[in-house]
1. Going through the range 80-103 one residue at a time, which ones are of a type outside the set (Gly, Ala, Ser) and either more than 18 Å from LEU60 (Cα to Cα) or in a loop (DSSP other than H, G, I, E, B) (or both)?
2. With respect to the numbered conditions (1) within 19 Å of TYR121 (Cα to Cα); (2) among the polar types (S, T, N, Q); (3) modelled with pLDDT of 95 or more, which one is the sole condition not fulfilled by GLN30?
3. Where residues in the range 1-47 are within 28 Å of ASN143 (Cα to Cα), in a loop (DSSP other than H, G, I, E, B) and not aliphatic (A, V, I, L, M), which of them is most open to solvent (accessible area, probe 1.4 Å)?
4. Go through the range 153-170 and give me each residue that's of a type outside the set (Val, Ile, Thr) and within 37 Å of the chain's Cα centre (by Cα).
5. Output the number of the condition that SER148 fails; it satisfies all remaining conditions of (1) open to solvent by 30 Å² or more (accessible area, probe 1.4 Å); (2) within 20 Å of LYS34 (Cα to Cα); (3) of a type outside the set (Asp, Glu); (4) touching an Asp or Glu at 6+ places or on another chain (Cβ under 9 Å).
6. Go through the range 48-78 residue by residue and tally those that are part of a loop (DSSP other than H, G, I, E, B), among the hydrophobic types (A, V, I, L, M, F, W, C) and open to solvent by less than 70 Å² (accessible area, probe 1.4 Å).
7. Would you say ILE119 is within 17 Å of GLY57 (Cβ to Cβ) and either assigned to a helix (DSSP H, G or I) or open to solvent by 80 Å² or more (accessible area, probe 1.4 Å) (or both)?
8. Scan the range 178-202 for residues that are of a type in the set (A, V, I, L, M), surrounded by 12 or more Cβ atoms within 10 Å (Cβ to Cβ) and either in contact with an Asp or Glu (Cβ under 9 Å, 6 or more places away or on another chain) or closer than 14 Å to VAL222 by Cα (or both) and report the count.
Amino acid sequence: SAQILAVDFYISRTLTKTQQAQAVAATSEQFNDKRVWHVQPDYVGVTVDGVIKKLPGYYLCCGLAGMGAGFPVQQGFTNIGVAGISDLYNSNYYFSRTDLNAMAEKGTLLFVQATQKGIPYVRHELTTDISVLEYREVLVVKNWDFLSYYYHDKLSPFIGSWNITPDTMNIIRQTIVASSELLITKKLPKIGPPLLGYTINSIAQDANNKDNLNVNLQIQVVYPLNYLNLYLVI
């Protein structure tokens, strides 16, 4: 009879800081999903009973989750500090700016510090899908998702208990208008409302699936002010 032996092993490699940054960037690139945030650094300092303990970096993910729940949906995270984290390891006082840029260019959401032991903040709110602005900015993605759920909740009462008639389509149009106008009034200083504008392009019964009502709603949402270009002309 054959005997199977369990063997435990690990592979250890010594990487330069640049190689470490390249490995992090490669992981972000592999995810390539607008709803996946690859958060770095890998270790943080958290104060427990008055003593800073070195803990895994996923505590930063918890901080981001709290920010998402506590801030208005149209609030971006870039340059926003996270509460509960006392220090960072392997961040901007470890990697060079070039290394940080290399990770960010592939969709790594980095926390950094203005000063050592200072409050950690988001360097740039990036998802792992950097293909277009609408996918790579956390602000736009979460605002977009919020609007999807918002309109779903407003329109779901019509499903099943209503029939497709001209009156139904008119009431649905009125519901969309009222719901959209309400969001436009939810304006806050510096960040504006979750919805800037909208246009109902069409509301029509599907030509093939007669029990489907298709609503084409074009929306305008806020974008983060990531760059401010000032041109002095003489």
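1. The first filter runs over the range 80-103 and keeps only residues of a type outside the set (Gly, Ala, Ser), leaving 80, 82, 85, 87-90, 92-95, 97-101, 103.
ILE80, VAL82, ILE85, ASN90, ASN92, TYR93, TYR94, PHE95, ARG97, THR98, ASP99, ASN101 - these are the residues of the range 80-103 that are of a type outside the set (Gly, Ala, Ser) and either more than 18 Å from LEU60 (Cα to Cα) or in a loop (DSSP other than H, G, I, E, B) (or both).
2. The number of the failed condition is (1).
3. Just the residues of the range 1-47 that are within 28 Å of ASN143 (Cα to Cα), to begin with: 24-42.
Those left that are additionally in a loop (DSSP other than H, G, I, E, B): 32-37, 41-42.
From what's left, not aliphatic (A, V, I, L, M): 32-35, 37, 41-42.
Details: ASN32: 93, ASP33: 64, LYS34: 46, ARG35: 135, TRP37: 91, PRO41: 4, ASP42: 68 Å².
Filtering the range 1-47 for residues that are within 28 Å of ASN143 (Cα to Cα), in a loop (DSSP other than H, G, I, E, B) and not aliphatic (A, V, I, L, M), the one most open to solvent (accessible area, probe 1.4 Å) comes out as ARG35.
4. In the first step, residues of the range 153-170 are kept if they are of a type outside the set (Val, Ile, Thr); the result is 153-158, 160-163, 166-167, 169-170.
ASP153, LYS154, LEU155, SER156, PRO157, PHE158, GLY160, SER161, TRP162, MET169, ASN170 - these are the residues of the range 153-170 that are of a type outside the set (Val, Ile, Thr) and within 37 Å of the chain's Cα centre (by Cα).
5. Result: SER148 passes all but (4).
6. So the first thing to find is which residues in the range 48-78 are part of a loop (DSSP other than H, G, I, E, B), and the list is 49-50, 57, 71-77.
Right, trim to among the hydrophobic types (A, V, I, L, M, F, W, C) and you get 71, 73, 77.
Then drop every residue that is not open to solvent by less than 70 Å² (accessible area, probe 1.4 Å), which leaves 73, 77.
Going through the range 48-78 one residue at a time, the tally reaches 2.
7. Details: within 17 Å of GLY57 (Cβ to Cβ): yes; either assigned to a helix (DSSP H, G or I) or open to solvent by 80 Å² or more (accessible area, probe 1.4 Å) (or both): yes.
For ILE119, the condition - within 17 Å of GLY57 (Cβ to Cβ) and either assigned to a helix (DSSP H, G or I) or open to solvent by 80 Å² or more (accessible area, probe 1.4 Å) (or both) - is met.
8. 5
The values are calculated or read from the model by the stated rules, or taken from the named source; none is laboratory data. Note that this is a predicted model, so its numbers are computed, not measured. Because the Cβ atoms are built from the backbone with ideal geometry, glycine has one as well, and the counts that use them run over all protein chains shown. To get the accessible areas, we keep the full protein, side chains included, count just its heavy atoms, and leave off ligands, DNA and RNA. Shrake-Rupley method; radii C 1.70, N 1.55, O 1.52, S 1.80 Å.
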